[in-house]
Every structure is written in structure tokens, then in C-alpha cells.
Amino acid sequence: MKKSSLYTNMILFGFAISIFPILTLGFFSYMKSSDAIQSHVNRSNIQMMNRMNGNMEQVLRTVDYTLNYIVNTNKVQDALFRTLTYTDFQLYNQLKEELNLLQSPDTYVTDVILANPASNWVINNRGLFAFDEYKTAASLLALMEGEHSTRWLLLDTGELGSSDTESYGCPKTVVLVKKMPLHTLNKRGVALATIPSCSLGAMLDASIEASEVMVLDAQYRIVAHPDPAKIGARLSDTGSIAEVDLDQFGGASGQFETNVGGEPISVTYVRSDFNGWTYASFTEMSEFTKEARSIGWFTAYVCLLILCVCILFVWFGSRKVYSPIRAIFRSIADRLPELTASKKNELQVIDEHIRELFDSNDKLRHELHQSSLQMRTFFLHELFQGQLGAADIEEKLERFGYRETVRGWNRLAVLTLQIDILVETRYEQKDLDLLLFAAGNIMEEMVPKADRLPPVILDQTLVALVGGTDMSPERFDEYIYKLTEAVQQNLRRYLDLDVSIGISLPFASVHRASRGYQEGLEALKHRMKLGKGVIVPYSSLNSGKHTQVYFYPTQIENQLIDAIKLADEELASQLLKQWLAEVFRKDRTPHEYQISLIRLLNGLMVVAQEAGIGLEQLDAQERSLYEELLQLYVSSEIENWYNTRIIGRLIRVFQDRQASQYQNISERIIEIIRAEFDRDITLEECASRLHYNVFYLSSVFKKETDMSFSDYLSQYRLTMSKKWLVETDMSVKDIAERLTYTNPQNFIRSFKKQEDMTPGQYRAKYGKPDA
């Protein structure tokens, strides 16, 4: 390897890079030439025309849509077939409220006129008039004679007799004309929305100097212009621009160049497919080419200066950068000569050495972590087996970071968990260790880190030390028992396994953990009598009683709560009867029956509290409800008490709320669908965001829309896909990806199933023809 190879490469690379600013400035000089400037101006004009078209057409479409809505309202439809006088002031006020929807600063509408010659009335901003006495009745009749039901017209401002529009001082007014009713041949009236042309002209912003922008109608009359004096004139009557050949405005959009008065003019236009208006820009190109040559020479001089500076910078910079690299390389080569044996430059050698250092560091970290886990596990094994003295326990608690965890515990207990049987399950005996490891992970997820030490496996038994801070004996026992019940349920749910758990007597010091471990094992031995799937507290052995997990119909309780929230009284009554049958089917003590009944009452009180239903709405006090319940001993009396005192009254409250609540929930779901249809949204996610039960949400949405959530989402995605196929040039693949299909073929099959044609055929049939 040559000593100077890297140094030489750095200099050559620097020289190569120094050429880049010269090319960049050369390209900049070219852009400043006449042809490049013209191209830039043309692109800017196209963007400006599209932006103006979009902004103005958004306003016009809003006006058109809103006027359609007003004309089709029941109030307007009813008024068309009746005579209105001053005695109909209530109907008049309602119609005025509808017309006010259209008049806002965003729409620029100054007046909305409803004229009904057949019923002899006119309504505008100023009030209600008799049609035959209206001063511009003849103009309104003339507008009804047009061929189309909907038209955009440019009229003189005074032609419609709208004083509100005249107050703007604009000579011309753009009028949206709609004959009424819209969908019948027999027209009885006309609806007008007026917009001063000057307001539309104010929306035209010529961001390019020496450009004149305007909006033309189908007869090439100026509909909007920054200069109000030119509005209403034909393009052929506007001075120098009048020389432009109108036949060149042939397509939906385009650009062309022409000479007007011996000066080059660039014309850019976009024709709207909404109302046939043409958005045009006329730009004098001579203003942009005067200084092109001088800019080019100036750029050439700057390029030469930059080249000289770059050469000097590369020369001195390479020497400065190379020195520390060479020093590092020498240090590595002296210690590891084998790395320099192959023909590699300095950076390659340094890179390989750094990579080896990182790999060694990662391996060392991994080994230290594994060693730390093994040492912690070994410590817990010794702790439970009683192999450590008090001093050793304290020292290792401090070393492994457990001291702060156990410091605040005033009560501790050891839990021992064993898998009952693997026969007739999908597991084999060889899976036992893996299943215990999974059970330990589940327990770690369920128990807060501050309330436990890590579970360990000892002789096919999962052992965990659990503690509580500032807990009374009763509260700690309740906490441990609920915890073990939850562990059992989750193991049955996720692993489909029956496990038994032994619970030691509570103790106050971690030094007694070995005794607790022995008590937990001793408790598990009583599975021979109690069977599988049991929780055995060691305290029950001392008194001669065995505590076994009893069945509680939680699922039926959840269904009952859902029925109450849905205000389904019949279903709630059936579910209550089913719940009582399940509870009384088991042989238990009266005290245990009462515990189940109180647990159900607690659940119903939680429902009332979450729904904001006070006890006064249930005509009861919380204490009296529990006292009443505990005085009942006959199943039929208990059922009747729940139905009349609690469930029936809750249902009546939910029925009162239901109508408005259902509609609000459905509207919020529909808003989520329309805003996020292009990602993988689910009803479960909506339920989480809206804080409702998913089954309740599904029932409400189905009842309000007569469609399931998935059907509504699919239908809306189909609607959006048809819109994109017609209005955009997005490919079928892009549409499929946007609508979260895994591949285009699935989208094509789904589309064809619902529309009896492929997306390509649909676009060919309904899409816009190319200009």
C-alpha cells in the first residue's frame, strides 16, 4: 500500500467536487437566458392559473351547492305552491333563515332572490314583495325563459333591482340562476344568487410582473378583472390584447405565444369544466429578457473566481484532514500489523478496526446482561431454598437493586404456581419449561414491578415473592387472592391451561421467604382432594377449610350491562334470569350467594355512576339498596327486586337519552370514517377513542345507519375510488394502496363485484376525456 494513495485520492476528489459549483452557476446563467426565463414564466403562469381556477371554482361550487340545498328544502318547495303575504311572516322568517346560509364573507354573495311568478311573490334581502309590483319583474321573467335550469350569467348590477348588490358600486354582477323546482319540467319560479364581479376580480392576483389576468365567459366577455372598468367588455374590445386570435383558446387548457403590436406575448389559459369560464393570463416576455446576456457574463466571472478559491481550499484542506487520519492509521498498524498486510487504504483499515471494537463491545454487553440475569435468578433460588444468611440477603438485595423495592413492604407472601395437567391439551410434557416461562412473563405483566420480585422456576414450579405497602391484613389477603384469580384467568385465556396456585401465610420480612416457599408448596399438595384449577391459601389448611375458586357468571353480567345501556328491557330481563340461574345452580353457603348478589349490585352501581345517573334518579340511597337486597332470600323476590328497583329505572333513564345519543355517536363514527378511510381503521379503535363498548357501538351504528361499520366503510371507500377514477389520473395501483388493499387484484375484484365492471372500464365510461 502506497503511503500517499489516500492523500492523492483526497486531492483528486476535491478537484472533482470543485467543478460542481461551476456547473451549477453555469446552469443558473442558462436559466437567466431568454428561453429559460420564458419557460419559467410559462410554468409559473400555469400554476397561477390552476390556483386561481381552484380558488374561484371552490367559491362558485359552494354557492351552487348551497343554493341547490336551499331550493330543495321542504320550506321552499312548499312555498312554491302557495301565495305569500305579510300574514305569513313565520314562513317568511324560515325562508330568510335558509337564504342566510348562502350569504357569508367566504362566498361573496350579496343577495339571494326567490321569485315565484306563479304565486305572485318575490323574496330578497329587503323583504317580501308582490311579483307583479316588483320593479325588475320583467328581467326575472326573462331569466326563466332560458334553456337551462342552472346558468351563470353576467348582468348589469341594476338589472335585478338588488339594492344590497348595488351598494358595492360594481357595474357588473355575476348571477347564478336556478329554475324551480329543479327536477320538474313545469317551472314555477327562479332562484338567484348575486356576486359582484369586483369581488371575484379581487381574487385575481398576478404574482408575475408584466402579467394581466382575467376570467372570460363562453362568449369571451370579461367576467372578472382587477380593473372594474374592463368587466363586461369583450376580449376583442380590450386594447392591444384584442389582437389575440380567439381560435387559439381551443382546448381545456394550454399556452401559446403571439405577437401583439410587435411585442411577444405569452398566453396561458385554463377552461373550467364547471361553468365553461376561461381563466387567462397575458404576459409580456420582453420585460424578462433584457438583462439575460449581462447576467451570463457576470456568472462566468463568478465561476472562475469560485474555481480558484476551491482549488486553494482543496489543497490546504486535504493536508489538514489527512494528518490525523495518518496518525490513527499508524497507531493501528503498530499494534495490529495483520490489518495492513492487504492492500487497503487508511480509511478502510480504520473502519474495520472500529467495527471490530463495536462488535466486541456489543458481545461484552450481551454477556454481562446474561450473566447479571443468571446471578439474580441464582440469588432468588438461594433465597427461596433458605441457603442464605441474613447478612448475605441484605448485601445481595442491595447489589441487584431490590433494596428499594422491598423496603416499603409491610406484608409479603410467596405464590407457588404449578401447571395441573398437560393431558388432553395441545401441549406435550417437553413444553412444560417453556409454558412456565410464558406464565412467568404473564405474571410480570400483571403485577406492578414495585409489588414483586422477578418470578423464578424451581423444580417445575413458578415461584414469586409479592409484597404490599401500608396494607392491612384483610386488604393484603384480598389483593393476593384477586391477583391469583386474575393470573389463573389470563393463563386459561391466553395459554388454554389450568393451573393451581398456592399462597403462603403473610409475613413481614424478606428473610422469611424460604418458609413462605415451603408453605406454598404444602398448599399445592392439597390438589389431590380439591382437584385442578384451585387457589389454596396456606391459612385455610390451619383451620381445616379449603378455599376453592367459585364460578361467577361474569360474561352474562357484561351482556346484562350492555342490554341496559341499549335500553333493551326484554333482553335485560332474560339475562338477569339467566344470571340468577347460573348463580343458584352451584351449591354454596347463603353468605356466598349474597356475595354474588352484592357483586352484581356493585356492577350496576358502577354503570349508573359512569352514566352520571344519581341515586335520586333511582329513588334510593346506596345504603338502603344493600340493606334491601340482603333481606331477600327467595330467588323470585330477588329477580323482581332487581327488575323493579334497579334495572327498570336504569333502562328508563337510558331510553330518555337514547335518541340524541345514538345520532351523535353515529355521526362521530361517520366523521372518523370520512377523515381516515385511507388507513386500516376498525370498530374496536373507534370504540376505544369514543370510550364505548364495541358491541354497544356496533348495535347503535347498525340501528342508526341500517349498515354495519365494515359495510359503511367499504361503501365509502368504493365511492371515493369512483371519484378518483373519474376526477383524477391516479393509477389503479395507487388507488388500491390508498384504500389499504394489499394488492391491486383484490381491489379490482371487489370493485367489479359491486359495479359489474373493472376500474379501468369505469374510468373509460365515466372519466373525463383528455383535452
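The values are calculated or read from the model by the stated rules, or taken from the named source; none is laboratory data. Note that the coordinates shown come from a computational prediction; the quantities given were computed from them, not determined experimentally. Here the Cβ positions follow ideal geometry from the backbone for every residue, glycine too, while neighbour counts run over all protein chains shown. Just so you know, the surface numbers come from the protein's heavy atoms only, side chains and all, with ligands and any DNA or RNA stripped out. Shrake-Rupley method; radii C 1.70, N 1.55, O 1.52, S 1.80 Å.
Got at least one residue in the range 379-391 being surrounded by fewer than 11 Cβ atoms within 10 Å (Cβ to Cβ), in a helix (DSSP H, G or I) and either in contact with a helix residue (DSSP H, G or I) (Cβ under 9 Å, 6 or more places away or on another chain) or of a type in the set (Val, Ile, Thr) (or both)?
Yes, the range 379-391 contains at least one residue that is surrounded by fewer than 11 Cβ atoms within 10 Å (Cβ to Cβ), in a helix (DSSP H, G or I) and either in contact with a helix residue (DSSP H, G or I) (Cβ under 9 Å, 6 or more places away or on another chain) or of a type in the set (Val, Ile, Thr) (or both).
Is it the case, given these coordinates, that VAL653 is over 25 Å from GLU582 (Cβ atoms), part of a helix (DSSP H, G or I) and among the hydrophobic types (A, V, I, L, M, F, W, C)?
yes
I'd like the full set of residues that are touching a residue at least 60 places away in the same chain (Cβ under 8 Å), in contact with a helix residue (DSSP H, G or I) (Cβ under 7 Å, 6 or more places away or on another chain) and not hydrophobic (A, V, I, L, M, F, W, C), limited to the range 462-488.
The answer is GLY467, and nothing else.
So that you can scan it fast, the table gives a plain yes or no per residue for (1) modelled with pLDDT under 85; (2) acidic (Asp, Glu):
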| residue | (1), (2) |
| --- | --- |
| PHE129 | no, no |
| LEU140 | yes, no |
| GLU145 | yes, yes |
| TRP152 | no, no |
| THR157 | yes, no |
| THR165 | yes, no |
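It is to be established whether one or more residues within the range 568-580 are under 23 Å from GLU478 (Cβ atoms) and either at pLDDT 80 or above or hydroxyl-bearing (Ser, Thr, Tyr) (or both).
no
Looking at the structure I just gave you, is GLU145 among the acidic types (Asp, Glu) and surrounded by 15 or more Cβ atoms within 10 Å (Cβ to Cβ)?
no
I need the full set of residues from the range 68-92 which are open to solvent by 50 Å² or more (accessible area, probe 1.4 Å) and of a type in the set (Val, Ile, Thr), in order please.
THR83, THR85, THR87
Quick one: would you say ALA193 is open to solvent by 50 Å² or more (accessible area, probe 1.4 Å) and within 39 Å of the chain's Cα centre (by Cα)?
Considered against the rule, which asks whether it is open to solvent by 50 Å² or more (accessible area, probe 1.4 Å) and within 39 Å of the chain's Cα centre (by Cα), ALA193 comes out as no.
Which of the residues that make up the range 99-115 are surrounded by 21 or more Cβ atoms within 10 Å (Cβ to Cβ) and either free of Cβ contacts under 8 Å to residues at least 60 places away in the same chain or touching a Lys or Arg at 6+ places or on another chain (Cβ under 6 Å) (or both)?
If the condition is that a residue be surrounded by 21 or more Cβ atoms within 10 Å (Cβ to Cβ) and either free of Cβ contacts under 8 Å to residues at least 60 places away in the same chain or touching a Lys or Arg at 6+ places or on another chain (Cβ under 6 Å) (or both), then LEU99 is the only one that fits.
For the range 437-450, give me each residue that is surrounded by 17 or more Cβ atoms within 10 Å (Cβ to Cβ) and either in contact (Cβ under 8 Å) with a residue 40 or more places away in the chain or assigned to a strand (DSSP E or B) (or both).
ALA439, ILE442, MET443
PRO454 passes all but one of (1) closer than 19 Å to ILE393 by Cα; (2) of a type outside the set (Asp, Glu); (3) assigned to a strand (DSSP E or B); which number fails?
The single condition PRO454 does not satisfy is (3).
Could you tell me whether the range 476-488 includes any residue that is more than 22 Å from ASN410 (Cβ to Cβ) and either of a type in the set (D, E, K, R) or crowded, with 22+ Cβ neighbours inside 10 Å (or both)?
Yes, the range 476-488 contains at least one residue that is more than 22 Å from ASN410 (Cβ to Cβ) and either of a type in the set (D, E, K, R) or crowded, with 22+ Cβ neighbours inside 10 Å (or both).
From ASP729, ASP706, ASP756, grab the single residue that is loosely packed, with under 13 Cβ neighbours inside 10 Å and closer than 24 Å to ALA252 by Cα.
From the options ASP729, ASP706, ASP756, the qualifying one is ASP729.
Which residue, of LEU713, LEU690, LEU697, is within 17 Å of the chain's Cα centre (by Cα), open to solvent by less than 50 Å² (accessible area, probe 1.4 Å) and at pLDDT below 90?
Selected residue: LEU690, the only one of LEU713, LEU690, LEU697 that is within 17 Å of the chain's Cα centre (by Cα), open to solvent by less than 50 Å² (accessible area, probe 1.4 Å) and at pLDDT below 90.
Out of all the residues in the range 451-473, which are open to solvent by 30 Å² or more (accessible area, probe 1.4 Å), closer than 15 Å to GLN385 by Cβ and modelled with pLDDT of 90 or more?
Answer for the range 451-473, where residues must be open to solvent by 30 Å² or more (accessible area, probe 1.4 Å), closer than 15 Å to GLN385 by Cβ and modelled with pLDDT of 90 or more: just ILE457.
Out of the residues in the range 495-511 that are more than 12 Å from GLY467 (Cβ to Cβ) and part of a helix (DSSP H, G or I), which is least open to solvent (accessible area, probe 1.4 Å)?
LEU495
Considering only the range 619-628, I want to know if a residue exists there that is part of a helix (DSSP H, G or I), polar (S, T, N, Q) and either over 26 Å from TYR692 (Cβ atoms) or modelled with pLDDT of 85 or more (or both).
Yes, the range 619-628 contains at least one residue that is part of a helix (DSSP H, G or I), polar (S, T, N, Q) and either over 26 Å from TYR692 (Cβ atoms) or modelled with pLDDT of 85 or more (or both).
Based on this model, can you work out whether TYR65 counts as open to solvent by 10 Å² or more (accessible area, probe 1.4 Å) and under 26 Å from CYS170 (Cα atoms)?
yes
So that you can scan it fast, the table gives a plain yes or no per residue for (1) of a type in the set (Lys, Arg); (2) over 40 Å from the mean Cα position of the chain (by Cα); (3) open to solvent by 50 Å² or more (accessible area, probe 1.4 Å); (4) within 12 Å of TYR552 (Cβ to Cβ):
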residue	(1), (2), (3), (4)
GLN578	no, yes, yes, no
ALA581	no, yes, yes, no
PHE584	no, yes, yes, no
TYR593	no, yes, no, yes
LEU597	no, yes, no, yes
LEU600	no, no, no, yes
GLY603	no, no, no, yes
VAL607	no, no, no, no
GLY612	no, no, yes, no
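Looking at this structure, is VAL499 under 48 Å from the mean Cα position of the chain (by Cα), under 24 Å from PHE379 (Cβ atoms) and touching a residue at least 12 places away in the same chain (Cβ under 8 Å)?
In short, no.
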